[in-house]
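K.L.:
One structure follows; several queries about it will come next.
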Amino acid sequence: MTTTTPATTPTTTPKEKTGEKTALADSWRVVVLNDPVNLMSYVVLVFRKLFGFDETTARRHMLEVHERGRSVVWRGVREQAEAYAYALHEWHLTAILERNETD
Amino acid sequence: MKRIEVKLSLSAVAPLLDIIKTAAGSLAWSLAVALPDFARDGEWRDVWARPLLESQNTGLAQLLGLFDSDFFKTGVIAFDEENATSLLRACAAVRLQVRAQFLTALPDAVMETGAVDPVTLDDGTRKALMCHLFLATMQEVIIRHLGNSILEG
């Protein structure tokens, strides 16, 4: 997410700093939360449909939701994260957005 | 177009329809899943809640439409590539509402594992649980036979 590589760029211009800050501020996670109702096969299908996951990846995220209560299914800019959260809601899955502090 | 017809036992399913209709009625003005915090107020609520509710109600109407007068003559319901997505979602919405409205006595762990003996439940809870399981079976049939169509659609 950074615009410069510190090892090769010992000094950072104000412009570069701004770019880095903006990129971090725009990084969000879409997190799907567990519910005791929706079928595992249904959740796998929704993940495949909305995120284009293959069966194995969709199943891994579904099991993470089931076993840990949550799974990060997408990371990126806020606007797209909102669109994914809306789509998940349309399929009656519980999704929240979290600012990505680690990227 | 791929079409799946399922023949149901009228005597088994008819008693569950009251629960489905009641749950669907409760969802006429409220979403099956609460909006995320950021979308609960002001402009956000209008942008999210209204179209989500419209989409939810469209699905619920299709689900209830399966159990029309023809169903009571034939016992047959049909899924196809056009209604599969709406029905799948509507089943999810009604199952969530049935759980919230009629199955509060059952802990989440029981709901997830299905490890409950229906004989130990009171009549109302047992009927709601049967409805919950019936809708899950509908979802499984749709996913098994029309899942690929939904993914490609």
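The values are calculated or read from the model by the stated rules, or taken from the named source; none is laboratory data. Because the structure is a prediction, the values reported are computed rather than measured. Backbone-built Cβ (ideal geometry, glycine too); neighbour counts: all protein chains shown.
K.L.:
Please go through segment A:38-92 and pick out each residue that is of a type in the set (V, I, T) and crowded, with 17+ Cβ neighbours inside 10 Å.
P.N.:
A:V43, A:V44, A:V46, A:V65, A:V73
K.L.:
Every residue in segment A:61-103 that is among the basic types (K, R) and closer than 25 Å to B:A90 by Cα, please.
P.N.:
Once the filter is applied, which keeps residues that are among the basic types (K, R) and closer than 25 Å to B:A90 by Cα, segment A:61-103 yields only A:R70.
K.L.:
Among the residues of segment B:40-60, is any modelled with pLDDT of 95 or more and not in a helix (DSSP H, G or I)?
P.N.:
No, segment B:40-60 contains no residue that is modelled with pLDDT of 95 or more and not in a helix (DSSP H, G or I).
K.L.:
Can you pull out every residue in segment B:9-52 that is within 12 Å of A:Y86 (Cα to Cα) and surrounded by 12 or more Cβ atoms within 10 Å (Cβ to Cβ)?
P.N.:
Result: B:V33, B:L35, B:P36, B:F38, B:A39, B:W44, B:R45, B:V47, B:W48, B:A49, B:P51, B:L52.
K.L.:
Taking the condition of being surrounded by fewer than 16 Cβ atoms within 10 Å (Cβ to Cβ) and not aromatic (F, W, Y), how many residues in segment B:54-79 meet it?
P.N.:
The qualifying residues number 11.
K.L.:
A further question on this structure: Residues being surrounded by 21 or more Cβ atoms within 10 Å (Cβ to Cβ) and more than 10 Å from every other protein chain (Cβ to nearest Cβ): count how many of those fall in segment B:94-133. Outline the logic, then answer.
P.N.:
Within segment B:94-133, the first condition is being surrounded by 21 or more Cβ atoms within 10 Å (Cβ to Cβ), and the residues that meet it are B:94-99, B:103, B:128-129, B:131-132.
With the extra rule that they be more than 10 Å from every other protein chain (Cβ to nearest Cβ), the set shrinks to B:128-129, B:131.
Counting residues in segment B:94-133 that are surrounded by 21 or more Cβ atoms within 10 Å (Cβ to Cβ) and more than 10 Å from every other protein chain (Cβ to nearest Cβ) gives 3.
K.L.:
Here is a list of conditions, (1) assigned to a helix (DSSP H, G or I); (2) within 22 Å of A:L97 (Cα to Cα); (3) among the hydrophobic types (A, V, I, L, M, F, W, C), and B:L31 meets all of them except one; can you say which number that is?
P.N.:
(1)
K.L.:
Filter segment A:68-100 for residues that are assigned to a helix (DSSP H, G or I), within 10 Å of chain B (Cβ to nearest Cβ) and hydroxyl-bearing (S, T, Y) and give the result.
P.N.:
A:Y86
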